[in-house]
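Single-structure report; data block below.
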Amino acid sequence: MGEFTAKFPADRMYARNHMWALQTTRGRWRFGLTAYAVRLLQDVYFLEWTFEPDTSIAARQLIGAIESKKAESDLYAPIAGVLVAINDACLADPSIINADTYGDGWLFEMESEEVDLLLSPDDYRAHLVEAWEIAQRTIKGQANT
């Protein structure tokens, strides 16, 4: 976006909150932050979860927090389901998210058939364009006040 190209794998689905979703087995989804989100955050160094595995989670429910050089952000569930796994390696060393966001930097896994909120790669691309345009209008509006 802007001077950067947003590149992301086409083998997975995406959420509006800039998470990717990869189906690992039928009904089981692995989630992580997109490179776009990681670029906005810059240098993730802290991650915490408010839920343990085997917990039912509602879509858009607060599930944790992440901190980086640039921001502190809450993390919300992109879909409803049962949280079945947390990536303990990322919990111990969140810098893995910076180094391998689409691989070892995954965050958690959920079991769910409620995937209607997920976007196809093409729909996510359109969402990024729209989000970028809104961000630019906001920045310009703030700069003029």
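Things worth noting here:
- Among 76-85, 17-26, the peptide with the highest mean count of other Cβ atoms within 10 Å heads the list, and the full ranking is 76-85, 17-26.
- Scalar couplings 3J(HN,Hα) for the stretch 106-117, obtained by applying the Karplus form with A = 6.51, B = -1.76, C = 1.60 to θ = phi - 60°, are 5, 9, 7, 10, 10, 9, 6, 10, 8, 10, 4, 6 Hz; x denotes Gly and Pro.
- Excluding ligands, DNA and RNA, the accessible surface per residue across the chain is 56 Å² with a 1.4 Å probe.
- Distance between modelled label sites at Glu48 and Trp132, nm, 7 Å Cα→Cβ extension: 3.5 nm
- Here the chain exposes an accessible surface that is 50 percent carbon and sulfur, computed with a 1.4 Å probe and the other protein chains kept in place.
- Between helix 121-143 and the chain: long-axis angle, C-alpha atoms, 0 to 90°, nearest 10: 40 degrees
- Measure of compaction for the stretch 1-63 (Cα Rg per 2.2 N^0.38 Å): 1.28
- Taking the charge dipole of the chain about its Cα centre, with +1 at Lys and Arg Cβ atoms and -1 at Asp and Glu Cβ atoms, the residue from Val44, Ser56, Thr24 reaching farthest to the positive side is Val44.
- Rough spin-label spacing in nm, given labels placed 7 Å along Cα→Cβ, for Ser56 and Lys69: 4.3 nm
- Cα-based shape type of the chain, given that a ≥ b ≥ c are square roots of the gyration tensor eigenvalues and the cut on a/c is 1.5: prolate
The values are calculated or read from the model by the stated rules, or taken from the named source; none is laboratory data. Remember, it's a predicted structure, so these values are computed and weren't measured experimentally. Here the Cβ is made from the backbone with ideal geometry for all residues, glycine too, and neighbour counts use every protein chain on show. Surface areas here come from the heavy atoms of the whole protein model, side chains and all, with no ligands, DNA or RNA. Shrake-Rupley method; radii C 1.70, N 1.55, O 1.52, S 1.80 Å.
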